Amino acid sequence: MAIFRTRAWAGGITRAAGAIGLATAAVSSPAAALPAPASTPTQLYVATWGKDSWPGTRERPFATPARAQQAVRARAPRMTSDLVVNLRGGTYRLKAPLRLSEAAGDSGRGGHRVIYRAHGYGTPRQERVTISGGRRISGWRPDQRLRGFWRADVGGLETRQLYVGDRRATRLTREGAAFRAR
């Protein structure tokens, strides 16, 4: 299980302002020293209560990050601003890895970026988002040979992390110091 969090996003300067001419004399304007506003990013939304058949708006969000990725890829060739995918609070359980590809447009195009972030990122109302590829393991039973240890059959599942409840637990492996083969 992993908690997904992105880095802070800040709008950039898209063009430099110049001096404006008044009548026949060139006069520098105080407004000219300010950067032109960056184009407003396009917003997409994902929520655990959404539906992938919806348009990905704030009121009708997608249900999965994978559907948001499809929408990003469809928009990438004609991007005119950054695109922000806002993930509403909750746990998104992936059925397959979410593979991001620069070539497919997942990073943006034409100088514009794609940003995946928790809804409210950088504010006191930032929502907690978890994207998990984890699988629930059942059938735990006490190990017959190792007192105080539990085991479960997982078939061919390859794991890197084990969580019990919301806490990361230590996995016992053959290479582990606590394992004594008999």
Subject >> Residue identified as touching a residue at least 12 places away in the same chain (Cβ under 8 Å), open to solvent by 50 Å² or more (accessible area, probe 1.4 Å) and of a type outside the set (S, T, N, Q) among GLY89, GLY122 >> reply: GLY122
Original post:
Hey, does the range 39-52 have a residue that's in a loop (DSSP other than H, G, I, E, B), over 30 Å from GLU158 (Cα atoms), modelled with pLDDT under 95 and of a type in the set (Gly, Ala, Ser)?
Top reply: yes
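Within the range 68-78, identify whether any single residue is within 24 Å of THR123 (Cα to Cα) and within 17 Å of the chain's Cα centre (by Cα), and answer yes or no. First the steps, then the outcome.
Step one: list which residues in the range 68-78 are within 24 Å of THR123 (Cα to Cα), which gives 68.
Now drop any that are not within 17 Å of the chain's Cα centre (by Cα), which leaves 68.
Yes: the range 68-78 contains one or more residues that are within 24 Å of THR123 (Cα to Cα) and within 17 Å of the chain's Cα centre (by Cα).
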Subject >> Residues of the range 125-152 that turn out to be of a type in the set (Gly, Ala, Ser) and touching a residue at least 40 places away in the same chain (Cβ under 8 Å), as a count >> reply: 3
Subject >> Residues that are of a type in the set (Ser, Thr, Tyr) and either within 22 Å of ARG128 (Cα to Cα) or not in a loop (DSSP other than H, G, I, E, B) (or both), drawn from the range 53-109 >> reply: THR57, THR64, THR91, TYR92
**OP:** Determine if the range 100-118 includes at least one residue that is touching a Pro at 6+ places or on another chain (Cβ under 6 Å) and open to solvent by less than 90 Å² (accessible area, probe 1.4 Å).
**Re:** no
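I'd like the residue in the range 126-172 that is of a type in the set (Asp, Glu) and out of contact with any strand residue (DSSP E or B) (no Cβ under 6 Å at 6 or more places or on another chain) and, out of all such residues, is least open to solvent (accessible area, probe 1.4 Å). Spell out how you get there, then give the answer.
At the first step, the residues of the range 126-172 found to be of a type in the set (Asp, Glu) are 127, 143, 153, 158, 166.
Next, only the ones that are out of contact with any strand residue (DSSP E or B) (no Cβ under 6 Å at 6 or more places or on another chain) stay: 153, 158, 166.
Values: ASP153: 116, GLU158: 172, ASP166: 139 Å².
The extreme case among them is ASP153.
The values are calculated or read from the model by the stated rules, or taken from the named source; none is laboratory data. No experiment lies behind these values; they were computed from the predicted model shown. FYI the Cβ positions are ideal-geometry reconstructions off the backbone, even for glycines, and counts take in every protein chain you see. Remember, those area values only see protein heavy atoms, side chains included, never the ligands or the DNA or RNA. Shrake-Rupley method; radii C 1.70, N 1.55, O 1.52, S 1.80 Å.
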